[in-house]
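To keep things clear, I will list the structure first and then write my remarks on it.
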Amino acid sequence: MRRKTAPEITARKGQEPIVCLTAYDAPTAEILDEYCDLILVGDSVGMVVHGLTTTVGVTLDMMILHGQAVMRGSKSALVVVDLPFGYYEDSPERAFNSAARVMRETGCQAIKIESGTYAAETIAYLVERGIPVMSHVGLRPQSMNVLGGFRARGRNPKVAEEIVENAKAAADAGSFAVVVEGVSAELADKVTKAVSIPTIGIGASAGCDGQILVTPDMLGMFTRVPKFVKKYSDMQSIIRDSVENYANEVKNRSFPGPDNTYKFS
Ligand code: KIV
């Protein structure tokens, strides 16, 4: 089976909405692959898998390990891997080396970076050298220490204008799509109209060209999630109930039962 490509995602601008989710392991990627156009190995892995409080501590080695697992589990979605904080911001060359290593060692087809207008040179440098780039504007979690937290962005008209400019710069520099996170629906719609590439919303607007959520959030793995997350399941309760049943059955010796034990006669 052939994987979707970055140009195919770009061609979906204004067409059928692009379905995206994050994944960090092979079995989840295998399930998502049937429904998703694009799977993102997000640096959210640091928070939702490794228990970090922000994405700042995520390393390139972590992204590569999870990227390899997601590539093994999927066969048709476009797989995009995040470049983590500190591996691309200071120069286009550093960004290229990080991105090339991720693509070489995982086999993924594109990378994502959090970007402002300052990143245009890096985006163009990567794209010219064969690396498809998805950009990420609005609430940029890697900048949470500057922003003062994970609050929605763009209440202030100057910041709202900056977010539109960031998205335009990302598109003009050659990004194949742009994630728009944590902004008002009105601002997300403005960004979608302003750029020629697909906008992928998260905490944004149904008018974006596609949507993404952090999969463990939408599956209900956590009690507290951002307002924009819709929980499509309650995995926390499902896992808790299963583990409680298991623990009780181990204690009262009803597990393993006859169906779960070998009998050689
Ligand atoms: O790291 C991530 O999961 C992301 C999504 C929130 C878009 O960047």
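Readers should treat all values here as calculations from the given coordinates under stated rules, not as data from a laboratory. Quantities reported herein were computed from a predicted structural model and do not represent experimental measurements. Cβ sites come from the backbone with ideal geometry, for glycine too, and all protein chains shown count toward neighbours.
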Quiz item: What value, in deg cm²/dmol to 500, does the helix sum -39500 (n - 2.57) over DSSP H runs of n ≥ 4 give at 222 nm once divided by the residues of the chain?
Solution: -11500 deg cm²/dmol
Practice problem: Just rank Leu60, Leu187, fewest to most, by other beta-carbon atoms within 10 angstrom. | Solution: Leu60, Leu187
Quiz prompt | Charge-dipole axis of the stretch 139-237 as Lys and Arg at +1 and Asp and Glu at -1 on Cβ define it, positive-most pick from Gly210, Tyr232, Ala171 | solution = Tyr232
Practice problem: Would you be so kind as to identify which of Tyr35, Ala99, Tyr24 lies farthest towards the positive end of the dipole of the stretch 14-140, taking Lys and Arg as +1 and Asp and Glu as -1 on Cβ and the Cα centre as origin? | Solution: Ala99
Quiz item: Counting Lys and Arg as +1 and Asp and Glu as -1, each charge on the Cβ, what is the dipole of the chain about the Cα centre in debye, to the nearest 20?
Solution: 280
Quiz item: Tally Lys and Arg at +1 and Asp and Glu at -1 over the other residues with C-beta under 10 Å from the C-beta of Pro17: what net charge comes out?
Solution: -2
Quiz item: What's the FRET efficiency of Asn252 with Leu147 using the Cβ-Cβ distance as r and R₀ = 35 Å, to the nearest 0.05?
Solution: 0.10
Quiz item: Which whole-Hz couplings ³J(HN,Hα) result when phi for each residue of the stretch 207-214 is put into the Karplus expression 6.51 cos²θ - 1.76 cosθ + 1.60, θ = phi - 60°, listed in order with x for Gly and Pro?
Solution: x, 5, 6, x, 9, 9, 9, 7
Quiz item: Can you list the residues, at least 5 places off or on another chain, whose amide H is less than 5 Å from the amide H of Val41, using H built in the peptide plane?
Solution: Ala23, Val80, Val81, Asp82
Quiz item: Would you list Thr22, Thr106 from fewest to most Cβ contacts within 10 Å?
Solution: Thr106, Thr22
Quiz item: Quick one: Karplus J couplings for the stretch 171-180, per residue in order, coefficients 6.51, -1.76, 1.60, θ = phi - 60°, nearest Hz, x for Gly and Pro?
Solution: 5, 4, 7, x, 4, 8, 6, 9, 7, 10
Exercise. Quote to one decimal, in nm, the extra length available between Lys75 and Lys263 on full extension: 0.36 nm per residue of separation minus the C-alpha distance between them.
Key: 63.8 nm
Self-check item: Neighbour-count order for Met235, Met63, Met71, fewest beta carbons within 10 angstrom listed first
Solution: Met235, Met71, Met63
Exercise. For the stretch 53-70, take each phi angle, set θ = phi - 60°, evaluate the Karplus expression 6.51 cos²θ - 1.76 cosθ + 1.60, and give the result in whole Hz per residue in order, putting x for glycine and proline.
Key: 8, 9, 8, 4, x, 6, 10, 5, 4, 4, 4, 5, 4, 6, x, 4, 5, 5
Self-check item: Cross-link pairs Lys193/Lys231; Lys112/Lys231; Lys75/Lys168; Lys190/Lys227; Lys75/Lys193 - those with Cα-Cα distance over 27 Å
Solution: Lys193/Lys231; Lys75/Lys168; Lys75/Lys193
Quiz item: Can you give me the relative contact order of the chain as a percent, contacts being Cα pairs under 8 Å and 6 or more apart?
Solution: 16
